[in-house]
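The values are calculated or read from the model by the stated rules, or taken from the named source; none is laboratory data. What you are looking at is a predicted structure, and each value in this text was computed from that prediction instead of being measured. Ideal geometry is used to build each Cβ from the backbone, glycine not excepted, and the neighbour counts take in all protein chains shown.
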Amino acid sequence: MAANRLACFSDPANHYSHRVRLVLAEKSVTAHIIDVPAGQCPAELLEANPYGEVPALVDRDLALFEPGVLLEYLEERYPHPALLPSYPLARANVRLLMHRIQRDWCAKVDAILDPSRSDEAREQARQALHDSLTSIAPVFAGKPFFLSDEPTLADCCLLPVLWRLPLLGVELPRTAKPLLDYMERAFARPAFQASLSNQEREMR
């Protein structure tokens, strides 16, 4: 690994890795993306993360892991353009959205993709994800981004999930039009396109 170069260990198919790549793209930060497919654990990754999990980030002598920590670090390390609002209340609201995305949707995505779960459990998670996204779709009508006029870390957590809906077997109904419109706008943005791995491009 080159000295003084930002490196990101990333699974090219994993939505947690995708959110880190999306933040890097939103901030136009050049990083060395090291693909680590599921089930692999190179020695360099173990040096960065003793748990051998991705995503992980190496910035000079600093090694970081855990997706939320990585996003917060990148926001502070590269503050422009900002992906968190200036005011404490607004910043807290974005962090709360990130927490809800994790609990309400990412947990269901992980359940659907978990081969150790029964078909019934995976189908229940799939239906719950479909119903939850459909019910919240109207909130996307008022702003160009997720409850915001500008992209935030919440969008960076949500969009990798939404990109994977076809892979997950989730098809949103026409009544979810505000959410579908949000997806179309966000997926077309240059930063989002730049964040995609070759494997992710094949998901749609």
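Scan the helices (runs of 4 or more DSSP H) fully inside segment 160-204 and keep the ones with 3 or more residues being of a type outside the set (K, R) and within 16 Å of C106 (Cα to Cα). Quick ask: steps written out before the conclusion?
Values: elements: 165-168, 177-188, 190-195, 198-201.
Correct list: 165-168.
Looking at V139, V170, V161, which is the one that is within 30 Å of L57 (Cα to Cα), outside the structural domain of V58 (by TED's automatic domain parsing) and either of a type outside the set (S, T, N, Q) or free of Cβ contacts under 8 Å to residues at least 12 places away in the same chain (or both)?
It is V161.
Identify the single condition in (1) in contact with a Cys (Cβ under 9 Å, 6 or more places away or on another chain); (2) over 21 Å from L168 (Cα atoms); (3) not acidic (D, E) that Q102 does not satisfy, given that it satisfies every other one.
All conditions are met except number (2).
Which fully enclosed strands (runs of 3 or more DSSP E) of segment 1-93 have 1 or more residues being touching a residue at least 40 places away in the same chain (Cβ under 8 Å)?
7-10, 32-35, 56-59
Quick check on segment 112-124: of everything there that is farther than 16 Å from L172 by Cβ and surrounded by 17 or more Cβ atoms within 10 Å (Cβ to Cβ), which residue is nearest to the chain's Cα centre (by Cα)? Let's see the steps before the verdict.
Taking segment 112-124 as the starting set, the residues that turn out to be farther than 16 Å from L172 by Cβ are 113-124.
Going one step further and asking which of them are surrounded by 17 or more Cβ atoms within 10 Å (Cβ to Cβ), we end up with 113, 122.
Values: L113: 15, R122: 21 Å.
Restricting to residues being farther than 16 Å from L172 by Cβ and surrounded by 17 or more Cβ atoms within 10 Å (Cβ to Cβ), the top hit is L113.
Of the residues L46, L89, which is in contact with a Gly (Cβ under 9 Å, 6 or more places away or on another chain) and either under 26 Å from G169 (Cβ atoms) or surrounded by fewer than 16 Cβ atoms within 10 Å (Cβ to Cβ) (or both)? Reasoning before the result, please.
Working: L89 fails: in contact with a Gly (Cβ under 9 Å, 6 or more places away or on another chain).
One residue alone meets the criteria, L46.
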